[in-house]
Amino acid sequence: MAKDYDLLLCGVTGFTGRLCAEHLLENVQGVTWAACARNAKKAEAVLAEVCAKTGKPAPPVEVADLVCADADAEEKLRAVVKKARVVLTTAGPFEKYGQTLVKLCAEEGVHYADITGETDFVRKMIEQHDATARKTGASIVPHCGNDCVPWDLTVLKFHEAAAAKGSTISEVKTYTEVPPGFGVSGGTLTTAVFQLGKKRGGAKPAFDALLTNAGGAKSAYAFKNASLKGDKHVAEFGRAAGPWIMAPVMTNCVRRSNALLGYADGLTYGEQQLRDPSFVNRTKDSFFAGLVGAAVALPSVFGPLLPKPGEGPARADMEAGWLRVHGRAKLADGGAMVSTFEFGEDTGYLGTARMLVECGVLLAAGPKSSGVITPAVAFGSGLLEHLEKTTPTTFTLAEAPP
């Protein structure tokens, strides 16, 4: 069926959504797209600023609310979704703004990608919409930004390299290295406060939804989380590594990929962050983490001290940013491999926007699988190859030195 748009971008008035619009206008050709927003005037104003910078004409703006209060609002959103091959969204918290969007995409056979780092949301979408998406052919791909593309693809590449040698991976560890003062946007903080502050509970399911296979049953590929629970000196890097707030998100994405792609039964995976060697920088990071925790406990008091939605790091800081994900793999045959995934820009926002848009371009061309899946499952190594061509990204993999 003919579509009006290849891509529909939701969240354009937010910090990362605006960066997505910039990337689409500046760097993506041969793709038709529109923005979707609740407030047309606000979206048009943002797009006018972006277009003035890029010298490109503004895309259309479709009007619909992602939070549907009644059946009429849902049908209005459905009519907009049906116009596109692919829906991209940066509007979080996704548990609040993404549920109806995923439902409609699954039902209408429209592909979907987001930048969520909310594992509870992903689990819920698997439980509610994985089977429907597989029937309609919709590829629902959460985690298409900094959460969790670099880590998901690192493990995939180790798996492919091991398979080429006639072996399998048995253990993978990733060590994340970020620059001092890694910037955070108001939207990300709003999501973090929402997630950390919500109540949890309810009946325990028969098995973790992340382990659901393509047939709807529990995957035969078990998984062990070996992420560090406390700081530990890592001799290879000459500094400590330890837990950080996004490690569980990366780990759960790899858990889902293993369940669907079958890297190894009993795969052990651990993600940890390398600590900044500067005591001053570590102290600043600890203070900011404490402020976020205080905002969860007393949002009316400490919330105003955090950046607001739509606010984020300065452009110069993002362009000067970087990310390195160091991978270390052990193989079932006793071999070992090392990798480095490096980005020459901030990945929290600027890189995330590029990743999401490029995932959308690949989805418009046709994904590898349907259902509620991961970037590794949807795109395979093709995503890495695409990112190396379109973004300041490099990936190296080699046998481990003796």
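Residue by residue through region 386-402, note down the ones that are among the β-branched types (Val, Ile, Thr) and either under 17 Å from residue 157 (Cβ atoms) or in a loop (DSSP other than H, G, I, E, B) (or both). Within region 386-402, 391, 393, 394, 396 meet the criteria.
Considering region 330-361, and only residues there that are out of contact with any His (no Cβ under 9 Å at 6 or more places or on another chain) and assigned to a strand (DSSP E or B), the residue that is most open to solvent (accessible area, probe 1.4 Å) turns out to be 330. Evaluated against (1) more than 15 Å from residue 363 (Cβ to Cβ); (2) open to solvent by less than 30 Å² (accessible area, probe 1.4 Å); (3) at pLDDT 95 or above, residue 134 falls short on exactly one condition, (2). Is there a residue in region 308-317 that is out of contact with any Gly (no Cβ under 6 Å at 6 or more places or on another chain) and open to solvent by less than 10 Å² (accessible area, probe 1.4 Å)? Taking every residue of region 308-317 in turn, none turns out to be out of contact with any Gly (no Cβ under 6 Å at 6 or more places or on another chain) and open to solvent by less than 10 Å² (accessible area, probe 1.4 Å).
Considering region 202-224, and only residues there that are open to solvent by 80 Å² or more (accessible area, probe 1.4 Å) and not small (Gly, Ala, Ser), the residue that is nearest to residue 248 (Cα to Cα) turns out to be 224. Set side by side, the residues 178, 141, 155 differ, and just one is modelled with pLDDT under 95 and aliphatic (A, V, I, L, M), which is 178. Selection of region 4-18 for residues being in contact with a helix residue (DSSP H, G or I) (Cβ under 9 Å, 6 or more places away or on another chain) and either assigned to a loop (DSSP other than H, G, I, E, B) or open to solvent by 10 Å² or more (accessible area, probe 1.4 Å) (or both) yields 6, 11, 12, 13, 14, 15, 16, 18.
Which condition number in (1) within 14 Å of the chain's Cα centre (by Cα); (2) surrounded by fewer than 23 Cβ atoms within 10 Å (Cβ to Cβ); (3) closer than 22 Å to residue 79 by Cβ; (4) not aromatic (Phe, Trp, Tyr) is the one that residue 100 fails? Failed condition: (1). When region 362-385 is filtered for residues that are charged (D, E, K, R) and either in contact with a Leu (Cβ under 6 Å, 6 or more places away or on another chain) or assigned to a loop (DSSP other than H, G, I, E, B) (or both), only 368 remains. Only residues that are crowded, with 18+ Cβ neighbours inside 10 Å and within 22 Å of residue 173 (Cα to Cα) were counted across region 381-402, and they come to 4.
The values are calculated or read from the model by the stated rules, or taken from the named source; none is laboratory data. Quick caveat: nothing in here was measured; it's all calculated off a predicted structure. Positions of Cβ are generated from backbone atoms using ideal geometry, with glycine treated the same way; all protein chains shown enter the neighbour counts. In case anyone asks, the SASA skips ligands and DNA or RNA and just uses the protein heavy atoms, side chains included. Shrake-Rupley method; radii C 1.70, N 1.55, O 1.52, S 1.80 Å.
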